[in-house]
Amino acid sequence: MTSENYDAESPFPEPFEIEITDSIDLHAFAPRDIKTVVAAYLEEAYKKGFRLVRIIHGKGIGVQREAVRKILSETEFVKSFKNAPEFSSGSGATVVEFK
């Protein structure tokens with residue numbers, strides 16, 4: 001995954017690549033970038049052949065979780081999604097199954 005949407009306020013002055021694994025932690029990204037990051041991550045993880053991925057968004061008051069789940073509900077190759085098991089972040093992460 002490559003970052004191409006950056007601005008003068010970004011701590012990353014140039015595009016950068018992130019290794020695609022079966023999990024992504026959104027705490028490393030600015031809230032304004034979450035939609036772009038999640039959409040790009042899902043596409044790349046799906047292309048790599050993952051059947052399940054985990055998106056760590058944190059528990060908080062649920063704003064980030066709801067934003068992630070809105071993206072998931074609009075992504076055609078997402079079969080289902082739910083809270084991660086309690087031993088694996090619980091409501092602070094969402095497990096996604098691809099079609």
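Bear in mind these aren't lab numbers, they're just calculated from the coordinates by the rules spelled out. All values derive from a computational prediction rather than experimental measurement. Because the Cβ atoms are built from the backbone with ideal geometry, glycine has one as well, and the counts that use them run over all protein chains shown.
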Would you list, by chain and number, the lysines whose Cα falls below 24 Å from the Cα of residue 47, excluding same-chain residues fewer than 8 positions away? 35, 70, 79, 82, 99
Within the stretch 44-91, DSSP-loop trypsin sites (Lys or Arg not before Pro) with at most 13 other C-beta atoms within 10 Å are 48, 51, 59
Relative compactness, the stretch 23-98, computed as alpha-carbon Rg over 2.2 N^0.38 Å: 0.99
Residue 67-residue 43 FRET efficiency (beta carbon distance; Förster radius 25 Å; 0.05 resolution): 0.90
Extension gain residue 33-residue 21, at 0.36 nm per residue separation less the Cα-Cα distance, in nm? 2.4 nm
Give me 96, 63, 38, 53 sorted ascending by neighbouring Cβ count inside 10 Å, so fewest comes first. 63, 53, 38, 96
